[in-house]
Amino acid sequence: MQTAYVRLLSVLLVVLTAVGQLMAQQTTDVRQVRWGFSPKQVKQSESVKPTSIKRDKVVYSRVPLANRTVGLEYEFNGDSLLSATYYYYTTPAITEADVQAASAELEALLTEKYGPGKVAQVGELRTVNWLTPRTQIRLALGNIDRGWSLEIGYLCRVCAGDPKTTVQQKVPWKARKDIKDL
């Protein structure tokens, strides 16, 4: 009787561990996608049609982000998602003040989600970087080329085959707060 109980408990523990691993693998890295997704999987995850599709990029000119409409560009290495970048910049309808307000709001949301980032300022370019075990997030605000622009880039940290990433993936990590699309 006791042996059957131990076996049943062992099987239950193995099943729960496997389910936990499967659920952990379903956690998204940015928006509703994970690093390594194919262009087809990325397109299926978005509710709008892409504006442009190239061999290594899928671009959306109008996606919602924090009550704004921004651009979004996914970049691929072959058939594997490598990065995602939101962009918001001055146009006749979007002023410098709008871009700076968006930057302040999104930086606050990212700080709420990931904790304080590392800030760097060079001239009129201000960047804030956050690191998670799988992703580097970079918010950049500056007066570049034709006017003020804001970019939030998400870069895969586990795509290069760095031996350290194997250890990092085993360490449990969770964002401080779940904020949609960031």
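Considering only the other residues whose Cβ falls under 14 Å of the Cβ of T127, what net charge follows from Lys and Arg at +1 and Asp and Glu at -1?
My count for the surroundings of T127 gives 0.
Considering only lysines 8 or more places apart in sequence, or on different chains, count the pairs in the range 36-182 whose C-alpha atoms sit under 14 Å apart.
Counting lysine pairs in the range 36-182 gives 9.
Under 13 Å from the Cβ of R31, count the other residues' Cβ atoms, weight Lys and Arg +1, Asp and Glu -1, and hand me the total.
That sum, taken over residues with Cβ under 13 Å, equals -2.
Since every read-out is calculated from the coordinates, none of them should be taken as a lab result. Note that the structure is a prediction, hence the values are computed from the model and not measured. Note: ideal-geometry Cβ built from the backbone for every residue, glycine included; neighbour counts use all protein chains shown.
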